[in-house]
Amino acid sequence: MNSAKRITLFCGHYGSGKTNIAINYALHLRQGGEAVTVADLDIVNPYFRTKDSRAELERAGIRLICSDYANTNLDIPALPPELYAITDDRSHRVVLDIGGDDRGALVLGRITPAILAEDSYEMLLVINRYRPLTPDAPSTVEVMREIEQAGGIRFTGLVNNSNLGEETEPDTVLGSVPYAEELSRLTGLPVVMTTVKKNLFEALQGQVPGLFPLTLQAKIV
Amino acid sequence: MSEKVLMKGNEAIAEAAIIAGCRHYFGYPITPQTEIAAYMAKRMPKIGGTFLQAESEIAAINMVYGVSAAGKRVMTSSSSPGVALKSEGLSYLAGADLPALVVNVQRGGPGLGGIQPSQSDYFQATRGGGHGDFHMIVLAPASVQEMAEFTVKGFELADQYRMTAMILADGTMGQMMEPVSLDLAVSPMPEKPWATTGTRMKRPHNIVNSLYLVPEVLERSNFERYERYRTIEEREAMYEEYRMEDAEICIAAFGIAARVSKNAINEARAEGIRVGMIRPKTLWPFPSAPFRAAADRVKAMISVELSMGQMIEDVRLATECRVPVSLCNRVGGMIPEPEQILAAIREAAKTGGNKQ
């Protein structure tokens with residue numbers, strides 16, 4: 001996927017893979033020669049943070065905006081003051097990693113007015129049909145509408161990140177295509193990316209739309 | 001449901017509890033276990049269950065007491081400081097012989113400590129968890145699949161022996177995502193003729209209480225409870241042995257420490273060091289027998305823990321100090337790297353062996 005839009009927001013159900021996709025997409029943009037900022041605005045989960053990948057992002061020349069307290073024991077939903085650079089500094093492409101579900105999307109209330117005013121964004125719903133609370137299209141639509149309501153912004157596309165972690169096989173991904181297509185029909189949103197771990201990329205090439213390899217893995221341990 | 005799903009450990013506990021027939025959950029948010037409450041908040045209303053965010057951990061454990069007295073499967077969850085708050089209620093549950101499932105997704109301490117993983121509530125969990133003489137059955141999962149399976153097992157054991165079962169996990173186990181099969185076998189809930197379900201004017205009142213007016217009667221209830229504990233110690237200890245067949249060094253580790261230890265063991269084996277592991281799946285009852293047996297074969301043991309050395313005492317008790325047992329640990333939310341454990345294994349291989 002190569003959107004011309006300046007800001008890309010990754011939102012979705014808790015644990016759908018947003019952080020991983022955000023950092024990989026930022027690297028992809030950077031490799032295309034763009035000035036790139038990643039903003040980690042996850043106020044829900046203090047454990048799984050973009051900051052874990054800080055060294056790799058810095059090496060690639062990507063600016064990281066995240067809470068000063070990420071990866072510390074201070075368990076508060078803090079936002080960084082650099083937050084305003086997301087919309088004020090238009091020289092950068094910005095990739096936004098938003099916390100899970102509607103609770104995570106609440107953070108958008110602070111910046112959506114400026115994002116909507118600039119009107120150069122993609123708001124992408126990350127989906128994984130192997131997550132227990134979004135096993136089918138209708139349940140995913142429910143989560144999606146909750147996020148839109150909390151964030152005050154509408155989705156523009158879908159990212160199919162259906163996987164079973166280490167046990168993901170090509171068939172795992174292929175088995176999720178009808179789900180993504182049904183969701184696309186129900187919502188009128190295009191599937192702009194199907195994200196897979198790098199080792200599955202070759203096996204799936206040409207079989208799913210917008211195949212995008214994930215090379216970086218956000219780590220928890 | 002035979003197809004696997006990708007779940008966080010905390011979510012797996014919550015869904016498995018629902019599968020086990022739990023329709024009452026009371027809790028209070030605390031990192032790193034909040035997903036259990038969040039999941040229950042979403043699921044319980046859809047299946048006619050009760051999710052209630054209590055005003056405190058103490059309130060939650062007393063709500064557990066009430067539902068359990070009424071004969072239903074019930075659960076609460078928290079993390080270390082929150083579990084400490086529940087300790088009064090845990091003792092009351094024990095005194096009233098009420099079954100319940102309590103989850104502790106441990107974080108670093110003491111005090112408010114931190115939010116990162118820890119195993120430093122081992123003593124608190126295995127020595128009772130409150131005032132008075134009592135035990136809880138303590139299950140220590142080491143994968144998201146076990147988080148689900150031990151939750152079902154915990155409900156079953158709690159009902160069978162009329163006592164609290166505790167899932168003793170840690171922040172890593174709660175947060176990590178792995179594929180899980182939720183095809184879990186659940187045995188039917190036993191009859192609970194003691195439950196306060198209404199007499200319908202057909203039987204005498206059931207009374208659920210932990211107050212005894214006569215000391216002789218209170219003493220008898222303690223002795224009877226400990227008879228039951230003896231049966232549990234004989235029957236219910238669970239463990240896994242890993243590469244122990246020819247081992248001359250034995251690692252003792254549970255939960256996340258056991259996962260990291262496996263990597264270190266495989267690296268040490270590649271260097272020609274014969275090392276294996278006994279992983280307790282139950283911390284109470286502690287699987288003393290395999291440690292006792294291993295003590296006659298190995299020259300050293302290493303207890304790998306995310307604490308200042310708590311399980312190591314049970315290892316020493318089980319082995320009656322026949323072999324040297326050393327500690328390999330990180331604390332405060334830190335996790336041992338395989339390299340640290342590997343170094344401890346190399347050291348034991350070099351210096352261990354003062355058996356003869």
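Just so you know, all these numbers are worked out from the coordinates, no wet-lab data involved. Computed from a predicted model, the values in this text were never measured in an experiment. Here the Cβ is made from the backbone with ideal geometry for all residues, glycine too, and neighbour counts use every protein chain on show.
A DSSP coil position with no more than 15 other Cβ atoms inside 10 Å describes the following GluC sites (Glu not before Pro) in region B:283-356: B:GLU320. Under 5 Å between amide hydrogens, built in the peptide plane, is the criterion, and for B:VAL103 it picks out B:THR76, B:SER77, B:SER78, B:ILE167 among residues at least 5 positions away or on other chains. Hey, got the average number of other protein chain Cβ atoms within 10 angstrom for residues in A:128-135? Partner Cβ neighbours, averaged per residue: 5.
Under a Gaussian network description of chain B, with springs only between Cα atoms under 10 Å, the residue in B:HIS135, B:HIS205, B:HIS24 that fluctuates furthest is B:HIS205.
Sites listed here are chymotrypsin sites (Phe, Trp or Tyr not before Pro) in region A:146-221 whose DSSP assignment is loop and whose Cβ has at most 12 other Cβ atoms within 10 Å, and the list is empty. Under the convention that each Lys and Arg Cβ holds +1 and each Asp and Glu Cβ holds -1, the size of the dipole of chain B around its Cα centre is about 500 debye. Between A:PHE212 and A:THR194, A:THR195, A:VAL196, the built amide H atoms are under 5 Å apart, and every one of these is 5 or more places off in sequence or on another chain. Straight-distance candidates among the lysines for linking to A:LYS198, with alpha-carbon spacing under 18 Å and chain neighbours fewer than 8 residues away dropped: A:LYS18, A:LYS219. Between the listed residues A:LEU108, A:ASN71, A:PRO132, the Cα displaced farthest toward the positive end of the dipole of region A:55-162, a dipole computed from Cβ unit charges relative to the Cα centre, is found at A:PRO132. 3J(HN,Hα) along region A:152-160: x, 8, 8, 6, 10, x, 10, 10, 7 Hz, from the Karplus curve 6.51 cos²θ - 1.76 cosθ + 1.60 with θ = phi - 60°, whole Hz, x for Gly and Pro.
With the simple spin-label model, which puts each label point 7 Å out from Cα in the Cβ direction, the A:ARG90 to B:TYR212 separation comes to 7.9 nm. Each principal axis of the Cα cloud of region A:97-205 was taken in turn, and the coordinate range along them, longest first, works out to 42, 25, 25 Å.
Under 5 Å between amide hydrogens, built in the peptide plane, is the criterion, and for A:MET123 it picks out A:LEU9, A:THR156, A:GLY157 among residues at least 5 positions away or on other chains.
The calculated FRET efficiency for A:LYS198 paired with B:ASP133, based on their beta-carbon distance and R0 = 45 Å, is about 0.20. Look at the dipole of region B:5-235 built from charges on Cβ: of B:LEU52, B:PRO29, B:ALA17, the Cα furthest out on the positive end belongs to B:LEU52. The Cα-based radius of gyration and maximum Cα-Cα distance (Dmax) for chain B are 20.7, 73 Å.
Assuming a ≥ b ≥ c are the square roots of the Cα gyration tensor eigenvalues, decide whether chain A counts as rounded (a/c under 1.5), prolate (otherwise, with a/b larger than b/c) or oblate.
Values: a/c = 1.42, a/b = 1.28, b/c = 1.10.
It is rounded, given that a/c, with a ≥ b ≥ c, falls under 1.5.
When +1 charges are put on Lys and Arg Cβ atoms and -1 charges on Asp and Glu Cβ atoms, the dipole computed for chain A relative to its Cα centre reaches about 360 debye. Counting only residues at least eight positions apart within a chain, or on another chain, the lysines with an alpha carbon under 28 Å from that of B:LYS72 are B:LYS8, B:LYS42, B:LYS46, B:LYS86, B:LYS153, B:LYS192, B:LYS202, B:LYS281.
Taking region B:75-101 and a reference point 7 angstrom along Cα→Cβ of B:ARG203, no backbone N atom is nearer than 14 Å.
Computed from backbone phi with θ = phi - 60° and the Karplus coefficients 6.51, -1.76 and 1.60, the 3J(HN,Hα) list for region A:30-44 is 5, 5, x, x, 7, 7, 10, 10, 9, 10, 8, 10, 6, 9, 9 Hz; x is used for glycine and proline.
Legend: translational diffusion of region B:239-351 by Stokes-Einstein, Rh = Kirkwood radius over C-alpha pairs, 4 °C, 1.567 mPa s; D = 96 µm²/s. Rounded to the nearest Hz, the phi-derived 3J(HN,Hα) couplings of region B:113-123 under the Karplus curve 6.51 cos²θ - 1.76 cosθ + 1.60 (θ = phi - 60°) are x, x, 9, 7, x, 7, 10, 8, 9, 4, 4, where x marks glycine and proline. Considering only B:GLY154, B:ALA169, B:PRO141, and ranking their Cα positions along the charge dipole of region B:140-193 that arises from unit charges at the beta-carbon of Lys, Arg, Asp and Glu, the one farthest toward the positive end is B:GLY154. Can you give the mean number of other chain Cβ atoms that lie within 10 Å of the Cβ atoms in peptide B:3-13? Other-chain Cβ atoms within 10 Å of each residue's Cβ, averaged: 5.
Note on A:LYS197: aspartates and glutamates with a C-alpha under 17 Å away, same-chain residues under 8 apart excluded, are A:GLU166, A:GLU167, A:GLU169, A:ASP171, B:GLU178.
Counting only alpha carbon atoms, the long axis of helix B:57-69 and the longest principal axis of chain B meet at about 60°.
Simple point charges give the picture: +1 on the Cβ of Lys and Arg, -1 on the Cβ of Asp and Glu, and for region A:158-207 a dipole about the Cα centre of about 220 debye. Alpha-carbon geometry of the protein assembly as shown: the Rg and the Dmax are 25.6, 82 Å, given in that order.
If you run the Gaussian network model on chain B, springs between alpha carbon atoms under 10 Å, then out of B:GLY276, B:GLY129, B:GLY66 the most flexible one is B:GLY66. Its DSSP H runs of at least 4 residues, each contributing -39,500 (n - 2.57), put the calculated 222 nm mean residue ellipticity of the protein assembly as shown at -11000 deg cm²/dmol, to the nearest 500. Calculated FRET efficiency, A:ALA55 to B:ILE58, Cβ-Cβ distance, R0 = 35 Å: about 0.20 to the nearest 0.05.
Using a 10 Å cut-off around each Cβ of peptide A:68-74, what is the average number of partner chain Cβ atoms that fall inside? Mind showing how you got there, number by number?
Working: counts 0, 0, 0, 1, 3, 10, 2.
Taking the mean over all residues of the peptide, I get 2.
Can you pull out the GluC sites (Glu not before Pro) in region A:140-221 that DSSP calls coil and that have at most 10 other Cβ atoms within 10 Å? Don't skip to the answer; put the middle values down first.
On the way: sites: A:GLU142, A:GLU146, A:GLU148, A:GLU166, A:GLU167, A:GLU181, A:GLU182, A:GLU202; in loops: none.
Qualifying residues, ordered by number: none.
Under a Gaussian network description of chain A, with springs only between Cα atoms under 10 Å, the residue in A:ASP42, A:ASP75, A:ASP136 that fluctuates furthest is A:ASP75.
For region B:1-35 and region B:203-269, write down the distance between their C-alpha centroids in whole Å. When both Cα centres are located, 23 Å separates them.
Whole Å is fine, so just give me how far the alpha carbon centre of region A:29-70 lies from that of region A:174-221. Value for the Cα centre distance between the two parts: 22 Å.
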